[in-house]
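All remarks here apply to the structure that follows.
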Protein chains: 2
Amino acid sequence: MELKRATDGEKGFEKVFAFLRERLLAGSLKPGDRLISERELSTLLGVSRPIVREALRALTVLGIVEIRDRIGTVVTRPDVSVLNDFFTFALAQQADMLDDVMQARVAIECQAIRLACERANIADFERLQRALAKIGETIDEADAGGMADFDFHRAIVVASHSETLTVLHSSMAGLLTHSHRSRRELVQAFPSMKNYLIDDHRRIFEAVIARDPERADATLRKHFAIGDEYRRRAVVGDIDKTSASG
Amino acid sequence: MELKRATDGEKGFEKVFAFLRERLLAGSLKPGDRLISERELSTLLGVSRPIVREALRALTVLGIVEIRDRIGTVVTRPDVSVLNDFFTFALAQQADMLDDVMQARVAIECQAIRLACERANIADFERLQRALAKIGETIDEADAGGMADFDFHRAIVVASHSETLTVLHSSMAGLLTHSHRSRRELVQAFPSMKNYLIDDHRRIFEAVIARDPERADATLRKHFAIGDEYRRRAVVGDIDKTSASG
DNA sequence: GTTAGCATACTGGTCTGACCAAGATCAGAC
DNA sequence: GTCTGATCTTGGTCAGACCAGTATGCTAAC
């Protein structure tokens, strides 16, 4: 009986995966549940254990289950952070995409700040304020300054209380850390950038505090636009001399 | 020599996965490349073939590579369909995620339409116009209407000429189709929705034609907001009677 | 009766070696 | 030079085995 029956159209990996997907989607397997052991699963479905492991591993990278060593496999609460892995791979392979990714980041942040205006609580405000202060303190340090900048922007997204936006943002932020850093090095070349960085971020902060989505969005967009402009000038070699060598 | 050396901190699966991820992220493995065979990989990394298969399968579900039967494993261009899988699972167990993802969609589209205003070419305009016409033609059909609606919005994103935004947007398509469809069924309950759908989309189209990012963004946001409002009223049971039973 | 301690049955993590089917390749026949 | 077929290689899978910890329950000590 080598022919596959109608009831198990798939074979091997697909069979196990489909079996589990079915229960997962139907709800008979809920987060927190522990799956039967790999051995049981293999005999139950008539496949070998390595195949079962493939399926479980597949579900693991999808963030659906968690394989706990010597404990068992349990269904986890779906976590959007899986997307991080995917985007990291996906976006990494297209280096020319950096500018493109930046656009997506702008998209996420502008939406996030709108939501933040509605949803932010005291803790969010405090986090933003701390990040803002940090930006001022570290304005002359390339590394710490870049991190403070990043923290501020992340605080905005966190304040949106949207997990999806947060995950999307953080996965892109990873790719943009490089550009973030190199941008920060521009501060040396463009002393006027200090004011831009501090004032812009404060204005953004104030707009959120005022819970004014339109103003927050617009201010944030302008912030990004000015950053672009600085980078453009850096490329062109138009170094800022107005208050150079402070 | 059972002890693991310092060079391979991970063991088994992690080792293989990390090995491949490294080359994938570094770019030494590009889409189209064929990996060395599973057997070679296993001897190379000092692990068994089942383990190698686990890693390859993991990359497969992430859409990074494709295992071709009796051919080999090749690096693929990252495919968003993976995210579809994920969202399908995730939504099955966490319906509240839908709203969250919707926010991300709004983010992507609003940014996309801004870019579209700058970058759209004649072909994009034509595509938008066709989609717009289709919306008018299929206004009374739930299925075709929903698809036309979706096509229009996708055309906007495509017109942004941003690969990343397109990827993000289409990755959420799976979810959106559901909500799209159910929203479309509201058309029966809300006859006034027909005008909303047609007029709104036309206004959006016109804003893009006029290459006015601000207006396009604002119009699109209003479009989404009105859609939300209709859904809210549907939930509350506030059925539209002004021009009911047309 | 209670509890400390240990043996055992489980779990995942991994390896070995083997078989199958079919694409890829190249030698040899035409 | 082309066609054909044997062979090599590839993924797909299996069976059985060992390890290392966990969980449990049973036994022995208190």
Cα-based Rg and Dmax for the range B:81-236, where Dmax is the largest Cα-Cα distance (Å): 14.9, 43
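Exposure proxy check: A:Asp217, A:Asp33, A:Asp200 ranked by fewest other beta carbons within 10 Å?
Working: A:Asp217 22, A:Asp33 14, A:Asp200 19.
Least to most surrounded, the residues fall as A:Asp33, A:Asp200, A:Asp217.
Contour minus end-to-end for B:Ala210 and B:Asp96, with contour as 0.36 nm per residue of separation and end-to-end as the Cα-Cα distance?
Values: separation 114, 0.36 × 114 = 41.04 nm, distance 3.72 nm.
My answer for the length gained is 37.3 nm.
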Shape call, the range A:6-75: gyration tensor on alpha carbons, a/c limit 1.5: oblate
3J(HN,Hα) from dihedral phi, the range B:197-211, Karplus parametrisation 6.51/-1.76/1.60, rounded to Hz, x for glycine, proline: 4, 5, 5, 4, 5, 5, 4, 4, 4, 5, 5, 5, 4, 6, 6
statement: Scoring only Lys, Arg, Asp and Glu (+1, +1, -1, -1) among other residues with Cβ under 10 Å from the Cβ of B:His161 yields -3
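Would you mind calculating the relative contact order of the range B:81-236 from Cα pairs under 8 angstrom and at least 6 residues apart, reporting the percent as a whole number?
Working: 155 pairs, mean separation 51.6, N = 156.
Relative contact order, the range B:81-236: 33 percent.
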task: Enumerate the calculated ³J(HN,Hα) couplings along the range B:41-55 in order (Karplus 6.51 cos²θ - 1.76 cosθ + 1.60, θ = phi - 60°), each rounded to whole Hz, writing x wherever the residue is Gly or Pro.
output: 4, 5, 5, 4, 9, x, 10, 7, 5, x, 5, 4, 5, 4, 5
query: Say the cut-off is 27 Å between C-alpha atoms; which of A:Lys222/B:Lys134; A:Lys134/A:Lys222; A:Lys222/B:Lys194; A:Lys11/B:Lys11 go over it?
result: A:Lys222/B:Lys134; A:Lys222/B:Lys194; A:Lys11/B:Lys11
- prompt: Once phi is turned into θ = phi - 60°, what whole-Hz ³J(HN,Hα) does the Karplus curve with 6.51, -1.76 and 1.60 give for every residue of the range B:21-28, x standing for Gly and Pro?
  reply: 4, 3, 5, 5, 6, 6, x, 6
- request: First select every other residue whose beta carbon is under 14 angstrom from the beta carbon of B:Glu214; then total the charges, Lys and Arg +1, Asp and Glu -1.
  value: +3
query: If you find the alpha carbon centre of the range A:196-235 and of the range B:26-50, how far apart are they in angstrom?
result: 46 Å
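Bear in mind that the values in this text are calculations on the coordinates, not laboratory data. Quantities reported herein were computed from a predicted structural model and do not represent experimental measurements. All Cβ positions, glycine included, derive from the backbone under ideal geometry; neighbour counts span all protein chains shown.
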